[in-house]
Amino acid sequence: MKQALLLQAQYNQFANKNMFAVLQGAPKDALYKDCGLYYGSIMRTAEHSLCGTIGIVFQHFSPFATKKLDGLDALFGAITPEGKLQSTIFNDLDAFAKLQDQVDSKVIELIQSIEDFDSVAVLAFPGIEFKKPRGFLILAMLNHAVHHRGAIAGALDILKIENDFNGMLGM
């Protein structure tokens, strides 16, 4: 399980770097306007994915790390109590990309530091609770990012902004 999770986390970092390279070359107004995605804009969708990783993966799974992960307080400080990015980060593509890369690196470090992926854990949200082996829950969270990158790629396609950042075989 650990190898599969590491591969998925490394892939997420690879794909996110490539996605932000595309976003940084796109017209900024196109990225921030509502284009009909569930979260409205491309950047709100990217924000949702990033904040979910910070707020869910680190909050729920860092206690299982065999060593303390440095820098988590700074990552938690990047999001507001409402689960959004601080506006200074959200409105600055370079800062957004840098934070995404820091988070992706920290996810890899977290997975490397967990030894037990088989114990059952509970992940609860308002109105729903998931009780599964820890590794399955982490995999679901890693796949969450894939899902949202796919939505972003589709929106970029509609906007005629060339992109191809989702291929795991290319890493």
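List of remarks:
- Its Cα centre serving as origin, the chain has a Cβ charge dipole (Lys and Arg +1, Asp and Glu -1) of approximately 180 debye.
- Estimated purely from DSSP H runs of n ≥ 4, each contributing -39500 (n - 2.57), the mean residue ellipticity at 222 nm for the chain is -18000 deg cm²/dmol once divided by its residues.
- Taking a sphere under 13 Å around the Cβ of LYS106 and counting the other residues whose Cβ falls inside, with K and R at +1 and D and E at -1, yields a net charge of -2.
- Entry note: the stretch 132-171 has Rg to Rh equal to 1.13, where both radii use alpha-carbon atoms and Rh is the Kirkwood radius.
- Extent along principal axes [Cα atoms of the stretch 12-171; Å; largest to smallest]: 45, 33, 32
- Nearby aspartates and glutamates by direct alpha-carbon distance to LYS160 (threshold 20 angstrom, same-chain neighbours under 8 apart not counted): ASP29, ASP34
- Coarse-grained scattering of the stretch 91-130 at q = 0.17, 0.25, 0.31, 0.33 Å⁻¹, given as base-10 log I(q)/I(0) from a Debye sum over alpha-carbon atoms: -0.72, -0.82, -0.93, -0.98
- Extension gain, HIS147-THR66: 0.36 nm per intervening residue step, less the Cα-Cα distance, totals 26.2 nm.
- Principal axis analysis of the Cα atoms in the stretch 104-171 yields extents of 45, 32, 18 Å, listed in decreasing size.
- Probe 1.4 Å, accessible area per residue of the chain, Å²: 52
- The portion of the accessible surface of the stretch 62-133 made up by carbon and sulfur, rounded to a whole percent, is 53 (1.4 Å probe; DNA, RNA and ligands excluded).
- When the listed pairs LYS33/LYS68; LYS67/LYS98; LYS33/LYS106 are checked against a 28 Å cut-off, the alpha-carbon distance exceeds it for LYS33/LYS68; LYS33/LYS106.
- Only the Cβ atoms of Lys and Arg (+1) and of Asp and Glu (-1) were treated as charged; on that basis the dipole of the stretch 20-114 about its Cα centre amounts to roughly 120 debye.
- FRET efficiency for the SER87 to ASP29 pair, using the beta carbon distance and R₀ = 25 Å, is estimated at 0.90.
- Between the stretch 94-171 and the stretch 2-23, the Cα center-to-center distance that results, in Å: 8
- Computed from Cα atoms, the angle from the helix 2-24 axis to the main principal axis of the chain rounds to 20 degrees.
- Globularity ratio of the stretch 71-141, using Cα Rg and 2.2 N^0.38 Å: 1.32
- Placing pseudo-labels 7 Å out from each Cα toward the beta carbon at THR80 and ASP157 gives an inter-label distance of 3.3 nm.
- Once the chain from ALA140 to SER105 is taken as fully extended at 0.36 nm per residue, the excess over their C-alpha distance is 10.8 nm.
The values are calculated or read from the model by the stated rules, or taken from the named source; none is laboratory data. This one's a predicted model, so the numbers in the text were calculated from it and none came from an experiment. Cβ: placed from backbone, ideal geometry, glycine included. Neighbour counts: every protein chain shown. Just the protein is used for accessible areas: all its heavy atoms, side chains included, with ligands, DNA and RNA removed. Shrake-Rupley method; radii C 1.70, N 1.55, O 1.52, S 1.80 Å.
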